[in-house]
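A.B. asks: Input: one structure, supplied below.
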Amino acid sequence: MLELKNVNKYYGHKRALSDITLSLPRGEIVGLFGENGAGKTTLMKSILAYHSFSGEITLDGDPITKNNIAKISFATSEHSFFSNLSADAHKTFYQEHFPKFSEKRFVALMDFFDLRHHTPLRSFSMGQKNQFEVIMALCQGADYILMDEPFAGNDVFNREDFYKVLLGILEPNETLLLSTHLIEEVSDIIGRAVLLKQGCIVGDITTEALEESGKTLMDYIKETHRYRSDRVSRALNDLRGEDSQ
Amino acid sequence: MRHTKPFLTEETKEHLRGYLSPPGMSLSSEAGLFATGIGAAFVYNLTYLSRYLEAYNALFETDTHTRVRVLRDGAVMPPFYTLFDNAWAGFLLLAVLVFVFVPFHYSFYHRETKSIYVMKRLPNRYLLPTQCLSFSVLCAIISLLCAAAVLLVSFLIYWLATPDACLSGGFFSQLFL
Amino acid sequence: MISFEHFQPQDGTPIYQQIILHIKRGIVSGSVMAGDALPSRRVLSTLLGVNPNTIQKAYHLLEEEHLIASHAGAKSYIVIDNETVARIRRQLMETELRGTVRALKQMGLSKEEATTIISSLWEEAPSSQT
């Protein structure tokens, strides 16, 4: 279980994360949604201990240190691989540092996406780079896989493949936290949706609960956001009403 | 035909490189710069030799009658440290300058891709600082060793080439700077 | 193994319900028979591109209706007999007709008018091939 309790993050005076409390049990595929700047990346970076934050983040009860950091992997649209190295060189590097690295999964995924093993990553197309980034996150042997907009730049067919691969390859005890703008596309593969707005969690619902309510994910997201924008338009109306008197 | 195993196999070299610099970063340009620096420091060291030769020649005079070079009366060689002076400054400066490679190594993880994200989440907390620092440290050590070597060689030249009569004091007093 | 080749997830109803309907229609049409294996949860979730929990829910509900039997670690199998097939057929028919009946009532038809129309339409329609 990955638990966040009252996590706050400030960049100077700007509050990027506001009192985040979230529990991610094993085996869930969770979609993390929100506008740009809502705090999705900041949330993931806090889990990975890339920066300081206040509050508590624990993995199976323990704080996240070098002892258990290998249980979390990360794929980002910024790409975290070494562009001079080949795919196989990455495999060697990962095997050295992550004892649970799965070579079997690596070979299968490289094969599925038809990626070259011995050429530098720099020579790959954007779509292939995204694919490789995801491959490494999936093969590290992590229990919690965090993906920050991993499909930026892939065409829709590529993305469909991605989703199928994710579903086919994830074990029941592996957790995926996936942040993306492509709400409709991922609404079938996720089991839970967490909504972030201006650093706060404004929604957290399982797809089962969504189904029961008869709403689509898009409806739910619009609703939670409309609530906020209603306040704004009502306030403006009140103002105008006052002015016209 | 028997193939003897080379001392440094490709594998070993790769392994060492893995500690000296970020993955995929070539050290050739930095090594070249360092080699140039060492060369320059050696050239600067030649100032000692010129000072020594000057002092050495000052010990002698040419007899006007016999046209033979003879030792002047009461000629004394200046103490070693005055002649050596800062001849090793090049190496000492280089030992400090090589640390400019450190931020350069660190910035590598932010160029093209953000491989810093992988480095920061490795269970091995020492790999990132090692890859940033160790090449500079290695170069600094080599510089200092070169400095020590030129000091030794310079002193040996002083000790062996100078006529015994001109040496003032004992071995260790010569060496004290 | 039961084929989901022609299964297309639609918007509007939860996917687990669509899966259940697909199986039931198969049972009624005879393409799904007793002893047929269902694809494993993981395979089906990958095939359809849906979360494994959705598949899990569908299979669970099918099991509750005693249409499939699951054993831990092994595939699930259809366990139906003629009685069950008849029951499911009625169930599906009633669901279909319920909608139609509601529509007819909303239009203001009486039961007699509806029956008359249905009888004449029945005569008109070509006989189904069995």
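The values are calculated or read from the model by the stated rules, or taken from the named source; none is laboratory data. The model shown is predicted, which means the values in this text are computed figures rather than measured ones. Positions of Cβ are backbone-derived with ideal geometry, glycine not excepted, and every protein chain shown enters the neighbour counts. Ligands, DNA and RNA are stripped out before the accessible areas are found, and what is left, the full protein with its side chains, is counted by its heavy atoms. Shrake-Rupley method; radii C 1.70, N 1.55, O 1.52, S 1.80 Å.
A.B. asks: Can you name the number of the only condition in (1) open to solvent by less than 20 Å² (accessible area, probe 1.4 Å); (2) not in a helix (DSSP H, G or I) that A:Glu133 fails?
C.D. replies: (2)
A.B. asks: Okay, moving on. Out of the residues in the stretch B:88-112 that are within 14 Å of chain A (Cβ to nearest Cβ) and touching a helix residue (DSSP H, G or I) at 6+ places or on another chain (Cβ under 9 Å), state the one that is modelled with the lowest pLDDT.
C.D. replies: B:Glu112
A.B. asks: Related question: Here are some residues: A:Glu160, A:Glu103, A:Glu185, A:Glu174. Which one is within 14 Å of chain C (Cβ to nearest Cβ) and modelled with pLDDT of 95 or more? I'd like the intermediate steps shown before the answer.
C.D. replies: Numbers: A:Glu160 fails: modelled with pLDDT of 95 or more; A:Glu103 fails: within 14 Å of chain C (Cβ to nearest Cβ); A:Glu185 fails: modelled with pLDDT of 95 or more.
The unique qualifying residue is A:Glu174.
A.B. asks: Suppose we filter the stretch C:21-64 for residues that are surrounded by fewer than 16 Cβ atoms within 10 Å (Cβ to Cβ) and closer than 24 Å to C:Asn82 by Cβ; how many remain?
C.D. replies: Qualifying residue count for the region: 12.
A.B. asks: Please specify each residue of the stretch A:129-152 satisfying the condition of being closer than 21 Å to A:His181 by Cβ, of a type in the set (S, T, N, Q) and within 14 Å of chain B (Cβ to nearest Cβ).
C.D. replies: Result: A:Asn130, single match.
A.B. asks: Ok, one more. With a cut-off of at least 2 residues that are surrounded by fewer than 19 Cβ atoms within 10 Å (Cβ to Cβ), name the strands (runs of 3 or more DSSP E) lying wholly within the stretch A:158-225.
C.D. replies: On the way: elements: A:175-179, A:192-197, A:200-206.
Passing ranges, in order: A:200-206.
A.B. asks: Can you tell me which residue is surrounded by the most Cβ atoms within 10 Å (Cβ to Cβ) among those in the stretch C:1-17 that are away from every other protein chain (no Cβ under 11 Å) and of a type outside the set (Gly, Ala, Ser)?
C.D. replies: Going residue by residue through the stretch C:1-17, those that are away from every other protein chain (no Cβ under 11 Å) are C:1-8, C:10.
If we keep only those that are of a type outside the set (Gly, Ala, Ser) as well, we get C:1-2, C:4-8, C:10.
Numbers: C:Met1: 10, C:Ile2: 21, C:Phe4: 17, C:Glu5: 6, C:His6: 6, C:Phe7: 18, C:Gln8: 8, C:Gln10: 8.
The selected residue is C:Ile2.
A.B. asks: Still on this model: For the stretch A:79-90, what are the residues that are touching a residue at least 40 places away in the same chain (Cβ under 8 Å) and facing chain B (nearest Cβ under 7 Å)?
C.D. replies: Of the stretch A:79-90, the ones touching a residue at least 40 places away in the same chain (Cβ under 8 Å) are A:79-81, A:87, A:90.
Of everything in the stretch A:79-90, those that are touching a residue at least 40 places away in the same chain (Cβ under 8 Å) and facing chain B (nearest Cβ under 7 Å) turn out to be A:His79, A:Ser80, A:Phe81.
A.B. asks: Of all residues in the stretch A:114-130, count the ones that are more than 21 Å from the chain's Cα centre (by Cα) and not in a loop (DSSP other than H, G, I, E, B). I'd like the intermediate steps shown before the answer.
C.D. replies: Filtering the stretch A:114-130 for residues more than 21 Å from the chain's Cα centre (by Cα) gives A:114-125.
Of the ones still in play, those that are also not in a loop (DSSP other than H, G, I, E, B) are A:120-123.
Result for the stretch A:114-130: 4.
A.B. asks: Based on what the data block shows, is B:Arg125 within 14 Å of chain A (Cβ to nearest Cβ), closer than 30 Å to B:His15 by Cα, open to solvent by 20 Å² or more (accessible area, probe 1.4 Å) and not acidic (Asp, Glu)? Steps first, answer last, please.
C.D. replies: Details: within 14 Å of chain A (Cβ to nearest Cβ): yes; closer than 30 Å to B:His15 by Cα: yes; open to solvent by 20 Å² or more (accessible area, probe 1.4 Å): yes; not acidic (Asp, Glu): yes.
The answer is yes for B:Arg125.
A.B. asks: Separate question: What number of residues within the stretch A:46-74 are surrounded by 16 or more Cβ atoms within 10 Å (Cβ to Cβ) and more than 9 Å from chain B (Cβ to nearest Cβ)?
C.D. replies: Going through the stretch A:46-74 one residue at a time, the tally reaches 7.
A.B. asks: Only one residue in B:Ser115, B:Ser136, B:Ser143 is within 25 Å of A:Ser83 (Cβ to Cβ), more than 14 Å from chain A (Cβ to nearest Cβ), among the small types (Gly, Ala, Ser) and open to solvent by less than 30 Å² (accessible area, probe 1.4 Å), so which one is that? So that I can check it myself, show each step before the final result.
C.D. replies: On the way: B:Ser115 fails: more than 14 Å from chain A (Cβ to nearest Cβ); B:Ser143 fails: within 25 Å of A:Ser83 (Cβ to Cβ).
Only one candidate qualifies: B:Ser136.
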